[in-house]
Amino acid sequence: MRGPTDGDPVTAGMITPADAPAAEPAKTKSKSAGTARYIVKRLGQSALAIFLTLTTVFVLIRLAPGDPAYAMAGPLASSEDIERIRQSMGLDQSIITQYLKYLQGLLQLDLGTSYSFQAPAFDVVLDRLPYTLTLTVASIGLTTLLAIPLGVWMARRADTRRELGANVVTIAGQSMPDFWTGLMLITIFAVVIPIFPAAGFATWSSLVLPMVTVAILQIALISRMVRREMVGAFGSQYATVARARGVSERKLIWRYALRNSSIPVLTALGTRFASMLNGVVVVEVVFAWPGVGSLVVRALETRDYPLIQATVLVTAVLAVLVQLLVDLCYPLLDPRVRLGKGTS
């Protein structure tokens, strides 16, 4: 006679309790492999994007008007002096030869010697990078601390007079150029009421005015995005069910609605952070901040090719890493998001 499970199509393919634990490690291993493939794929795409960016910058700065040798020699230099400087810089060679040497140096992280500083261009950028990172991280931190609560507050008071007033303020924050905001802050808080230093980085108080200048625009942008996402979350079906089950409004906001709105907000914060790494040039010039932005301005004025290329490389790599980190945070915020092939 056959046993109760011999040849039984219902039970023959069932997983016994002893076999169940083996399924979880396999699932975890598959998930880790998918994440690893995703990271490798993104790094490959990022490397290609950085390479194309550096190549484009290499070509464009050499097509732009102006001669680095003339900028270095000065207006009183003779044509022989300028030609000698061009030869010492390697600018007398064809652009193809210059590009091949540039690629060779790029593989060794040797981007040449800065014309202005007479030092390795990569080292010059790395010396200034901590100042730009300090300003950027402080600005995005202030933006996060103020924009998210402000956006939630605006969403809870949607279509009211208070929310209308907050909208006017945020639109005004979006409309003001950074240089004008910086000059107004200097006039008020460094000249009329001398509380903070007007320029430079002597003490940590010097960080306040440039940080606020950068953050004002970001706070206006992010708070309006949070407000839009939260209004949609409040009107969703799960919010209605949660209220019907007696979930408190505070718990609904901070545990459910904000978490469901976190992915677009995180994406916006990551994008703004990456753009600030390249976009604080005006603020750094206004406040004489010794960061990469003011370094770029000097490099452009003197046609310092190695310094421009080193700056683009460093900021591009940082921006790519920030975007990759944001992508890796998605599954932590929403378990439905999976990184890997065949997922969204």
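Observations on the model:
- Å³ per residue enclosed by the Cα convex hull of region 208-253: 64 Å³
- When each of the peptides 56-66, 303-313 is scored by the mean number of other C-beta atoms lying within 10 Å of its residues, the order from highest to lowest reads 303-313, 56-66.
- On Cα atoms only, tilt of 292-301 relative to the major axis of the chain in degrees: 40 degrees
- Hz values of 3J(HN,Hα) by residue in region 303-316 - Karplus curve (6.51, -1.76, 1.60), Gly and Pro given as x: 6, 7, 4, x, 5, 4, 5, 5, 5, 4, 4, 5, 5, 5
- Amide hydrogen proximity for T113: with H placed 1.01 Å from N in the peptide plane, the residues at 5 or more positions away or on another chain lying under 5 Å are A121.
- Using a simple spin-label model with pseudo-atoms 7 Å out from Cα toward Cβ, R298 and S32 lie 4.8 nm apart.
- Each residue of region 77-82 was assigned a 3J(HN,Hα) from its phi angle through the Karplus curve 6.51 cos²θ - 1.76 cosθ + 1.60 (θ = phi - 60°); the sequence is 6, 7, 5, 5, 5, 5 Hz, with glycine and proline shown as x.
- With R₀ fixed at 56 Å, the C-beta to C-beta distance from I171 to D127 puts the FRET efficiency at about 0.90.
- For region 213-331, the fraction of 1.4 Å probe accessible surface lying on carbon and sulfur atoms is 63 percent.
- Environment charge of A242, counting only residues whose C-beta is closer than 10 Å and scoring Lys/Arg +1, Asp/Glu -1: +3
- The residue list Q104, T271, N260 was ranked by how far each Cα lies along the charge dipole of the chain toward its positive end, using unit charges on Cβ atoms, and N260 comes out on top.
- Förster radius 56 Å - calculated FRET efficiency between A288 and A158, Cβ distance, rounded to 0.05: 0.85
- Peptide ranges 135-142, 246-253 listed from the most packed, as the mean C-beta count within 10 angstrom indicates: 135-142, 246-253
- Here region 31-141 exposes an accessible surface that is 64 percent carbon and sulfur, computed with a 1.4 Å probe and the other protein chains kept in place.
- Solvent-accessible area per residue, Å², over the chain with all protein chains present [probe radius 1.4 Å]: 57 Å²
- Estimated [θ] at 222 nm from DSSP helical runs (n ≥ 4, -39500 (n - 2.57)) normalised by residues in the chain, nearest 500: -22500 deg cm²/dmol
- In the set (i) 6, 24, 29, 23, 13, 4, 1, 0; (ii) 6, 25, 35, 27, 7, 0; (iii) 5, 18, 21, 22, 16, 9, 5, 3, 1, 0, 0, the label that goes with P(r) over Cα pairs in 10 Å bins from 0, in percent computed for this structure is (iii).
- Sorted largest first by accessible area at a 1.4 angstrom probe radius, with every protein chain in place, the residues E80, E284 fall in the order E80, E284.
The values are calculated or read from the model by the stated rules, or taken from the named source; none is laboratory data. Nothing here was measured: the structure is a model prediction, and the numbers come from that model. All Cβ positions, even for glycine, are placed from backbone atoms using ideal geometry, and neighbour counts span all protein chains on display. For the accessible areas, the whole protein counts, side chains as well, though only heavy atoms, and no ligand, DNA or RNA atoms are used. Shrake-Rupley method; radii C 1.70, N 1.55, O 1.52, S 1.80 Å.
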